[in-house]
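The values are calculated or read from the model by the stated rules, or taken from the named source; none is laboratory data. Keep in mind that this is a model prediction, so the values were computed, not measured. Cβ sites come from the backbone with ideal geometry, for glycine too, and all protein chains shown count toward neighbours.
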Amino acid sequence: MIKLGVNVDHVATIRQARGGRYPDPVAWALEAERAGADSITVHLREDRRHIQERDVIALLGMTQTRVNLEMAATPAMVAWALAHPPADCCLVPEKREELTTEGGLDVLGHGPRLAEIVQTLTQKGIQVSLFIDPWEQQIRAAHQCGARVVELHTGRYAETHDREQQAKELAQLQKAARWASELGMKVHAGHGLHYHNVVDVAAIDPIVELNIGHAIVSRAIFTGLTEAVTTMKRLIQTRSGGNNVS
Ligand code: PXP
């Protein structure tokens, strides 16, 4: 069964807008688990613009599932993760120079540094994934780095409104998932996925986990958290294509 990781950063964004105590992303994450989330994703950004260190520490102590910590590949963040080890770490770009034009981590350009980080975190028992564009060279570079998991960046697929272009981006994701799986890697995907576009990505067989935040938090404003999570989970587990909801 494909798994749903629920990203709760956007709950923290609303809290940080007023610098207060609510809404609490930790309480929200625990409710999301009760509604069926298979893991909770948080991005502890270097500028701490939404999720705070105390949020991650509380989640590590309170969640029943897995905490997937997204973070920059920097010495400070590696030290932080080693001191507070989550089940999963996803290395993501935060700075311009770590980006390819499309927005994933440039593994090709930073191979040796990333390989060292992957090894350090893996030795601590953390499952490490690299957030990359769905390109063959990046996938091969991720494999060479020792990563056992890649998270394919679905932004280009999700952000285009042109149907032909979207079909091309979907085909690219399908090829990328196959390449990674043929190399023996686990395949995750995420970014920009929502209730209208998720089904075709969930139908890509090698993909075993989707990480989704903005669409779920946004829908929850109207329908409540439980409906937002259960509907997304039902959609991704359909794996049949074409059954998106409004
Ligand atoms: N996966 C990764 C690696 C991300 O950085 C993000 C955004 O924080 C997501 C998934 C979730 O993206 P969205 O909030 O658009 O669903």
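Any idea which residue in the stretch 4-31 is surrounded by the most Cβ atoms within 10 Å (Cβ to Cβ), counting only those that are within 13 Å of the ligand (Cβ to nearest atom) and under 30 Å from Asp205 (Cα atoms)?
In this case the residue turns out to be Val6.
Mind checking which pairs have a first residue in the stretch 166-180 that is small (Gly, Ala, Ser) and a second that is part of a helix (DSSP H, G or I), Cβ under 8 Å, 6 or more apart or different chains?
Once the first residue is small (Gly, Ala, Ser) and sits in the stretch 166-180, its partners that are part of a helix (DSSP H, G or I) give Ala176/Glu136; Ala176/Ile139; Ala180/Ile139; Ala180/Ala142; Ala180/His143.
Determine which member of the set Ser129, Ser181 is within 21 Å of Gly213 (Cα to Cα) and small (Gly, Ala, Ser).
Ser129
Could we say that Ala220 is small (Gly, Ala, Ser) and within 18 Å of the chain's Cα centre (by Cα) here? Write out each step before concluding.
Values: small (Gly, Ala, Ser): yes; within 18 Å of the chain's Cα centre (by Cα): no.
No, not satisfied.
Kindly check whether there is at least one residue in the stretch 147-170 that is aromatic (Phe, Trp, Tyr), modelled with pLDDT of 95 or more and under 19 Å from Val78 (Cα atoms).
no
How many residues does the stretch 210-246 hold that are modelled with pLDDT of 95 or more and assigned to a loop (DSSP other than H, G, I, E, B)?
2
Go over the candidates Glu53, Glu46, Glu70 one by one and state the one that is of a type in the set (D, E, K, R), more than 26 Å from Tyr157 (Cα to Cα), in contact with a helix residue (DSSP H, G or I) (Cβ under 9 Å, 6 or more places away or on another chain) and touching a residue at least 40 places away in the same chain (Cβ under 8 Å).
Glu46
Which of (1) among the polar types (S, T, N, Q); (2) away from the ligand (no atom under 16 Å from the Cβ); (3) surrounded by fewer than 18 Cβ atoms within 10 Å (Cβ to Cβ) does Thr74 not meet, given it meets every other one?
For Thr74, the failing item is (2).
Among Ala215, Ala147, Ala220, which is the only one that is more than 18 Å from Ala37 (Cβ to Cβ) and among the aliphatic types (A, V, I, L, M)? Full working, then the answer.
Details: Ala215 fails: more than 18 Å from Ala37 (Cβ to Cβ); Ala220 fails: more than 18 Å from Ala37 (Cβ to Cβ).
It is Ala147.
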